[in-house]
Amino acid sequence: MQSQRAFPQMMDPTLAEMGKNLNEAMKMLEDGQKSAEEERDTKKYTRKDIPGPLQGSGQNMVSILQLVQTLMNEDDEEESQSFRMQNVGEQGHMALLGHSLAAYISVLDKDRLRKLTTRILSDTTLWLCRVFRYENGSAYYHEDDREGLLKVCRLVIHSSYEDYTTEGFNALYNKQPVIYMSAASRPGLGQYICNQLGLPLSCLCRVPCNTMFGSQHQMDVALLDRLLKEDCQSGKLPLLLVANAGTPGAGHTDKLGRLKELCDQYRVWLHVEGVNLATLALGLVNPCVLAATKCDSMTLTLGPWLGLPAVPAVTLYRHEDPSLSLAAGLTTSQPVEKLRALPLWLSLQYLGHNGIVERIKQASQLSQRLLEQLKDLPSIKTSVEHDGNSPVVVFKFCYEGSGSDSTVNLNTIERESDTMNQWLGEQLAVLIQSCGVDIVELEDEGTCIRFNPLMTAAVLGTTTEDVVQLVECIKVKIPIIYNTLQLKEEFRLEVERIAGLSYIVDHNWAGLGVLRFEHVSEEQDVGKREAELEKINVLLLKKLNELESDLFFSSGPEFGAEKHCIYIGMATEDLDVSELVETIAVFGREIEENSKLLENMTEVVRKGILEAEVQLQKANEERLLEEGVLRQIPLVGSVLNWLSPVQATAKGRMFNLTAGSLESTEITYVSKVQVTGTSPPPTPTFGHAKRHPGQKLFKRLSRNSDAMSETSSISHLEEVENLEAAPTPEPETLNPTEPPTPSVESHSEESHEADALDIKTVESESLR
């Protein structure tokens, strides 16, 4: 590394040691392979109320860095999505080194500190003004990217109201200031400025964008002219206008040249911000963006543009009175605050002019590459007027079906377009994380997908191959969206046709549709009916997810309006909607019948157990009468039984769960085989077409598999003929290989007490 080679040549050994320690610390945090050194120093002071890490003589550097690494990575296993950390290259290391150097330089003596900070501040300001074509400008470095605009507003207030320094808000009472801002500006910016300045929201004027002529996302210049004129006539003071060179949503650029002329006419300060300002560093700059160099101030966010972590934003401005700049907070006499520019001072030198231009140029080329490939996709619409160097690409899926297509409800498609684009954007963000696409809501366009490489490419390391993968992923997802849209109406009709299913309208769900299995219950309590309905739909959802299909089943959004529903995801190719809905209905009825059968069986078992207890008690009484009281005494009874054995016959009983009654075991002892009794009712099953090996559920047969279908039909006919030729078994035929019917059996009179205990155990288990 270049920075490592420079450290041995430094004259100050402390500075060289600090740089070496920083490099070692960064390497430990990134590699995570350094072992902790053991520390066994004797603790001189011990207090129970002091946290563990602070006790004793402190921790060494390796232990502290390993703790930081553990805290950074402790949530990775819990998160389902992989976490992608910012790509910190050597230029990032230089920015991080700047923060350490700032802390070290701040302890120098005042004279050396003043000279050094003045040099750093002047160099950085000059470089930025030259690179971004802003001549004769001053710079203010700030952490919050809104703070520069706030300090500029203070400067304009001090310049416009001569008595503001002494009278404060009283100077604003007679002539209310007005701040103009585009309706396309980032949300909350105007409220933040008014709150920080102590101004009422009535001082904020939002200028609408063009609605009839020109771009739909540019500020309406004619309307702004009329607003300025009306405010001047009403005694207000137009103060400042915030314009965009790249709107936060879609990257549109206002007509900066015309706005500058209007601001000069009414003596209004013009401030410009936006991502397109980065293109001012390129060799060829679009004229609409180049006009920003004539504005009164602009804010640059160099951190994401160049991939520099923890560097401040910069506001360049022009003003001739240094005292007013000092009063507004744009300049300071504190040398320590001037050290904010140190990370940029180091990073800009490391990158050089070619490195700065190369990163911005690469981001613009990535956006142009994506734009060219999206134009070849008929179902994708780009919604930004690209001017050749715009680094933002905004696109969305648009359905292009024919008007005569009866299977698609075009009104439904229009309502669900935002939902489909939301799903597409989420899929692209997860599958192609290196592109950094996100979802934006535009007032006229609705939900769109945004690719802004200038804000993400340097951080994520986006390459041309990533853009190609992004386009390929879009091509794969478009047919899925088409299939889903074309099958939505058929799904609704199939659900409404089958009794027991209800179709639920939810335009916010990106998928085939939503349904609910309606449980028929005689329960009067509404809460119990809701609980039964929820239980059945939960079991139904679990059973559907166990099937081998390409569909996604879920219970819907966590805070959705509909409850106890089955949400079906995006439809795959050749989906058999009829089979899908019929299977859901059959599964629902099966779960419902099993639930009723379980309830009935519980009641039958309870009554049978009570009857068994009565019969066992009666048998014990009869045994007492036959054998006498003396035989019940343990010692006397054993002697009597030895002298005069009792010839008793076995009178066993068994409890048939299927019939729900007590039965005699006499036939079991005669035939030596336990009979099955009444056969249980058949379990409902769903029938579907004969499938090929490996074919998943709910798939129609393709036209290419005619020969395979013919073979399958022949084998199916042979199977049917074999089943018809096979003899039908008698209902009472005994099959020793089958498991016996569950029963509770008593084999002898002497085991009645044990049987009673077993029956009570069965009762307790069934009641659970």
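The values are calculated or read from the model by the stated rules, or taken from the named source; none is laboratory data. Since the model is a prediction, treat every value here as computed from it, not as a measurement. Every residue, glycine among them, receives a Cβ derived from its backbone with ideal geometry; neighbour counts consider all protein chains shown. For the accessible areas, the whole protein counts, side chains as well, though only heavy atoms, and no ligand, DNA or RNA atoms are used. Shrake-Rupley method; radii C 1.70, N 1.55, O 1.52, S 1.80 Å.
Scanning segment 507-514 for any residue that is over 26 Å from the mean Cα position of the chain (by Cα), modelled with pLDDT of 85 or more and under 26 Å from Glu426 (Cα atoms) turns up nothing. On the basis of being open to solvent by 30 Å² or more (accessible area, probe 1.4 Å) and under 30 Å from Gly274 (Cα atoms), does Val468 make the cut? Yes; evaluated as a whole, the condition is true for this residue.
Residue count for segment 187-232, restricted to those that are open to solvent by less than 80 Å² (accessible area, probe 1.4 Å) and modelled with pLDDT under 90: 7. Among the residues of segment 96-109, the one identified as in a helix (DSSP H, G or I) and free of Cβ contacts under 8 Å to residues at least 60 places away in the same chain is Ala103. Scanning segment 471-498 for residues that are open to solvent by less than 50 Å² (accessible area, probe 1.4 Å) and polar (S, T, N, Q) turns up Asn483, Thr484. Looking across segment 571-585, the residues that are open to solvent by 20 Å² or more (accessible area, probe 1.4 Å) and assigned to a loop (DSSP other than H, G, I, E, B) come down to Thr572, Glu573, Asp574, Asp576. Residue count for segment 126-168, restricted to those that are within 17 Å of Ser347 (Cα to Cα) and open to solvent by 20 Å² or more (accessible area, probe 1.4 Å): 5.
Considering each residue of segment 286-298, count those that are open to solvent by less than 10 Å² (accessible area, probe 1.4 Å) and within 20 Å of Val156 (Cβ to Cβ), and give that number.
In the first step, residues of segment 286-298 are kept if they are open to solvent by less than 10 Å² (accessible area, probe 1.4 Å); the result is 289, 292, 295, 297-298.
Filter again for within 20 Å of Val156 (Cβ to Cβ), leaving 292, 295, 297-298.
Total satisfying the criteria: 4.
Taking each residue of segment 353-378 that is farther than 21 Å from Leu300 by Cα and looking for partners that are at pLDDT below 90 and open to solvent by 70 Å² or more (accessible area, probe 1.4 Å) with beta-carbon atoms closer than 7 Å, six or more apart or interchain, yields Pro378/Glu400.
Which count do you get for residues in segment 499-558 that are open to solvent by 60 Å² or more (accessible area, probe 1.4 Å), assigned to a helix (DSSP H, G or I) and over 24 Å from Pro479 (Cα atoms)? Count: 9. Of all residues in segment 124-146, at least one satisfies being in contact with a Phe, Trp or Tyr (Cβ under 8 Å, 6 or more places away or on another chain) and without any contact (Cβ under 8 Å) to a residue 60 or more places away in the chain. Look at (1) assigned to a helix (DSSP H, G or I); (2) open to solvent by less than 10 Å² (accessible area, probe 1.4 Å) and you find that Leu308 fails only one, number (1).
Of all the listed residues (Gly283, Gly246, Gly274, Gly235), the sole one being within 30 Å of Leu342 (Cβ to Cβ) and either open to solvent by 40 Å² or more (accessible area, probe 1.4 Å) or out of contact with any helix residue (DSSP H, G or I) (no Cβ under 9 Å at 6 or more places or on another chain) (or both) is Gly283.
Take the conditions in contact (Cβ under 8 Å) with a residue 24 or more places away in the chain and surrounded by fewer than 16 Cβ atoms within 10 Å (Cβ to Cβ) and apply them to Thr447. Does it pass?
Details: in contact (Cβ under 8 Å) with a residue 24 or more places away in the chain: yes; surrounded by fewer than 16 Cβ atoms within 10 Å (Cβ to Cβ): no.
Against the criterion (in contact (Cβ under 8 Å) with a residue 24 or more places away in the chain and surrounded by fewer than 16 Cβ atoms within 10 Å (Cβ to Cβ)), Thr447 does not qualify.
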